[in-house]
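First comes the structure, then the notes that go with it.
Each value in this text was obtained by applying a stated rule to the coordinates, not by laboratory testing. Everything numeric here is computed off the predicted structure, so don't read it as measured data. Neighbour counts run over all protein chains shown; Cβ positions are idealised from the backbone, glycine included.
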Amino acid sequence: MTPTTRKYLSIPIILMVGMFVFSCQNDLEEINRVTESVDLPVQTIRNARISYSDSGHIQFLIEAAQVDRYPGEEPRDEFSGGFKVTSYNFDGEIESEITAEEATNYPEKHHMIARDSVMLKDKEGKILQTELLTWDEETDRIFTDKFVKITTPTEILYGDGLEANQDFTRYEIKNIKGRIKIEDGEKQNEE
């Protein structure tokens with residue numbers, strides 16, 4: 001090989017080595033972004049029907065279009081695409097039903113949060129409507145700080161914020177905005 005040929009061969013080699021050495025920089029932010037753990041569910045259930053029972057009697061039936069289970073320091077179940085919980089008494093009769101578009105259950109904290117078009121119906125015909133409702137299993141209470149509408153056989157109540165026992169037999173609206181009495185004739189017309 002002549003010195004001129006070596007010179008022409010060494011230039012591309014030096015350039016390639018230089019490009020390789022200088023192009024291998026690791027940006028610490030980029031590394032952290034790529035290696036950051038993504039919060040992915042460990043289990044996904046579609047068209048779910050989950051029942052909770054005690055001594056052979058169903059207490060709750062949960063139905064959801066999709067349930068995603070997330071592990072971690074704060075495990076949770078995410079319900080999406082429509083959600084319904086039906087609670088039953090010891091004789092198997094329906095006590096109440098709650099529906100919402102989405103919900104999150106935190107099993108270790110013993111509370112559930114229902115969101116978006118939340119509706120709670122009890123066995124006496126009372127209906128609660130709101131956009132956010134939290135159920136605290138440890139205190140057997142439900143509450144919200146959002147706008148609420150409660151329809152009973154005799155009146156319609158509007159307000160902001162609510163606290164109630166979990167079977168919705170006793171409740172308190174924090175800031176009542178309005179009350180409409182329903183006459184017997186109005187009830188018959190609505191039916």
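With a/c under 1.5 counting as rounded, go ahead and sort the range 88-130 into rounded, prolate or oblate using the C-alpha gyration tensor (a ≥ b ≥ c being the square roots of the eigenvalues; past the cut-off, prolate if a/b is larger than b/c, else oblate).
Taking the square roots of the gyration eigenvalues as a ≥ b ≥ c, the range 88-130 is oblate.
When the chain is fully extended, how far beyond the present Cα-Cα distance does LYS181 get from THR154, taking 0.36 nm per residue of separation?
Values: separation 27, 0.36 × 27 = 9.72 nm, distance 0.60 nm.
Length gained between LYS181 and THR154: 9.1 nm.
Please report the net charge: other residues with Cβ closer than 11 Å to the Cβ of LYS109, K and R +1, D and E -1.
Surrounding charge for LYS109 is -4.
What is the calculated FRET efficiency for THR139 to GLN43, with r their C-beta to C-beta distance and R₀ = 35 Å, to the nearest 0.05?
0.75
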